[in-house]
Amino acid sequence: MPPPFPPLDIPAPVRRVATHAVAAGLTPLVPVPFVDDYALRRVREDMVRSLLAERGLSAPRPTLRVLAGLHPREGSRLQQLAGKAALLSLRLAWRKSYRRLITALWLKDCVDMASLCLHHGYLLQYALERGDLPAHALATPDTARRVQAAIHAACAELDARPINQALRRLWAGSRLVNEALSEALAHFQGAPLRPHLDDSGEETSLAERLAAVLWEERGYFLTLESLYTKHLNSP
């Protein structure tokens, strides 16, 4: 059963982070190389803009790019397997098991991208809440680099498996993700690509369920906040 929709007292920035994490988690389903990375970059930059705008802030392009903390997918398991499939025409043999394997790897890529965006966005809104990125500090990327380094260090120190497992359950049970995955797989195996799915209602529902998970895992994120603070204050 999916988590209940979030109560009304969930802060707006947390809801906003959940919405962008859902969008980031869907970008691996874009079946065109490099376009998926472009889509991911746009999602992450839009998330930064929206979190800054919540507090009446804005940042020049260099600072925005630093805060977006890009995570390109070069060398992922999925892309490595896709390259081998193109060379060896694996779809001609063991078709069913091949499809299951591709599906599992694709879903893992979705969860990984959603998790990265979720953790980064949560800590970025926490940094803004603490006042680590005042308006005058956004003029240059120097302070943004310190904040970004602390975010990376905190995320690397904490075991994200509990959150990733929750994301995997949400993604596996989502009609939007399953339909988009079927579309991507059909294109990957040579079928014509139909127009991109536009199901904003289901996407919103998935974001709401993710926001509920965030709120239920407050203890996890309190630990993440303390690790961020530790790394930001370390010499």
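The values are calculated or read from the model by the stated rules, or taken from the named source; none is laboratory data. Quick caveat, the model's predicted, so the values are computed rather than measured. So basically every Cβ, Gly included, is an ideal-geometry build from the backbone, and we count neighbours across all protein chains shown. Just the protein is used for accessible areas: all its heavy atoms, side chains included, with ligands, DNA and RNA removed. Shrake-Rupley method; radii C 1.70, N 1.55, O 1.52, S 1.80 Å.
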Rank 46, 142 by accessible area, highest first, at a 1.4 Å probe radius? 142, 46
Local net charge near residue 223, Cβ-Cβ under 11 Å (Lys/Arg +1, Asp/Glu -1): -2
³J(HN,Hα) computed for each position of the range 48-54 - Karplus, 6.51 cos²θ - 1.76 cosθ + 1.60, integer Hz, glycine/proline x: 4, 4, 5, 5, 5, 4, 4
